[in-house]
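Working notes, beginning with the structure itself.
The values are calculated or read from the model by the stated rules, or taken from the named source; none is laboratory data. Not measured: the values here are computed from a predicted model. We place every Cβ from the backbone using ideal geometry, glycine too, and count neighbours over all the protein chains shown.
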């Protein structure tokens, strides 16, 4: 299957079959490719070529740059099924989610095309006669993109579509666990560039296949003014200070420890469905996965009982074959999940689920039952993000206490409340409510749309990607003052005779 899909996506066999680094599928642990990893010298050469490409691309009018992104979006539409299947094969999420991730790419292309005609500045009133002020935006330079395995294509597209219409070149360092998806995206973009014509320079977009040393070289290079990195909080602690040391910019999308407050007035049927998708979907390997359920004490027993029944009916298996939950990415993820569950049990938590599944059929594939862990309090284990399908369940009596629990974790990505009480709902999204970058009412913490800025606070990094006014992150701001008079008055009424 892999050869047929890669061929249709435009990736040559030499790109993914000739190398020392083995790429496997989490479905059964089998080999699906071999790639060549690049060293520091190769990264240096790529950055130099990206600099040259930027100089040419930044001179192309922004609406014309938008046309390239439109053509890329069309390529994605034509190849949505194949790219979605590759996402599923390489990272293990079910096919519907793989297709959904490609749709996010298509959506951000549509948004970026419109944005290419709306890179608006400002006209500002001047205090000096015969003067006017304005604020303008200019392309930034080569953009460094580092992505994680769990969403191997969409975050790259969120960044790259906007960065391209803003006039920048691209350098993409994908996760070593999902390099084939990057090669496929690059091939589709190259098809769009070929259709676009000579205005698009060679090396406008490049993929860096490398390990942490390649990533470090990209992060440390002053020729790359912006690094947008998606990954763990640990990774962000390494990236942020290195970029800051050279006075570069960073967009960080890091860990999430997302909660749902479930109020007694909530529609429980709707809430249980939302919990199931948010906590078990993608085998709990979303940055926006639901990890903490803060449920009112009056409905806790009923909710837990309903969840256990729903969890018992989850269909687990090959993500290409219509199951609801596929495998964890690898054995290390499985061991981390089991370690967390063991610790929770030793600390008095009640564990339901979490067992390995299908080990006989897939000895090298790590399928698990999503777990529910009832705990008495929010301790250090609960505050730590385990990237696996573990849902910690806690009780509250007063809404203010629930809000405090929601916010009492180091991470601050996504959050939600299920309630029909307007006071609770409005408080949750007020400045006295959730401290997360995303705060939802009567929907789960997952499933963000590209029209809104995506990102979080605290140890989530504070960065924003995707829609809204995020395009400004990929440009530099310039304030202009123009004197069209024959005088030279100074600001603030200063006299200098």
Task: Verdict on residue 422 being within 23 Å of residue 297 (Cβ to Cβ) and modelled with pLDDT of 95 or more - done: yes
TODO: For segment 366-396, name all the residues that are buried (at least 20 other Cβ atoms within 10 Å of the Cβ) and under 22 Å from residue 91 (Cα atoms).
DONE: 366, 367, 368, 370, 371, 385, 386, 387, 388, 389, 390, 391
TODO: Return yes when residue 92 is in contact with a strand residue (DSSP E or B) (Cβ under 7 Å, 6 or more places away or on another chain) and at positive phi and no when it is not.
DONE: no
Open item on the list: With in contact with a strand residue (DSSP E or B) (Cβ under 9 Å, 6 or more places away or on another chain), outside the structural domain of residue 312 (by TED's automatic domain parsing) and in contact (Cβ under 8 Å) with a residue 40 or more places away in the chain as the only criterion, which of 450, 372, 390 stands out?
Closed with: 450
Open item on the list: Tally up the residues in segment 243-281 that are more than 30 Å from residue 352 (Cβ to Cβ) and over 21 Å from the mean Cα position of the chain (by Cα), please.
Closed with: 4
Task: Hits in segment 230-272 (condition: without any contact (Cβ under 8 Å) to a residue 24 or more places away in the chain and within 30 Å of residue 419 (Cβ to Cβ)) - done: 269
Task: Flag if residue 221 is modelled with pLDDT of 95 or more, at negative phi and either in the same structural domain as residue 118 (by TED's automatic domain parsing) or buried (at least 22 other Cβ atoms within 10 Å of the Cβ) (or both) - done: yes
Task: Within segment 229-348, helices (runs of 4 or more DSSP H) holding 2 or more residues that are under 25 Å from residue 453 (Cβ atoms) - done: 233-245, 268-280
Task: Hits in segment 190-209 (condition: in contact (Cβ under 8 Å) with a residue 24 or more places away in the chain and over 20 Å from the mean Cα position of the chain (by Cα)) - done: 190, 191, 192, 193, 195, 196, 199, 200, 201, 202, 203, 204
Task: One residue from 421, 435 being surrounded by fewer than 19 Cβ atoms within 10 Å (Cβ to Cβ), more than 30 Å from residue 331 (Cβ to Cβ), out of contact with any helix residue (DSSP H, G or I) (no Cβ under 6 Å at 6 or more places or on another chain) and touching a residue at least 24 places away in the same chain (Cβ under 8 Å) - done: 421
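Residue-wise test of (1) at pLDDT below 95; (2) within 16 Å of residue 255 (Cα to Cα).
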site	(1), (2)
401	no, no
409	no, yes
440	no, no
467	yes, no
475	no, no
479	no, no
482	no, no
491	yes, no
Open item on the list: For the condition free of Cβ contacts under 8 Å to residues at least 40 places away in the same chain, closer than 24 Å to residue 64 by Cα and in the same structural domain as residue 226 (by TED's automatic domain parsing), what is the one hit in 96, 118?
Closed with: 118
Task: Number of positions in segment 156-214 that are in a loop (DSSP other than H, G, I, E, B) and at pLDDT below 95 - done: 1
Task: Search result, residues across segment 290-310 that are in contact with a helix residue (DSSP H, G or I) (Cβ under 7 Å, 6 or more places away or on another chain) and in contact (Cβ under 8 Å) with a residue 40 or more places away in the chain - done: 290, 292, 293, 294, 295, 303, 307
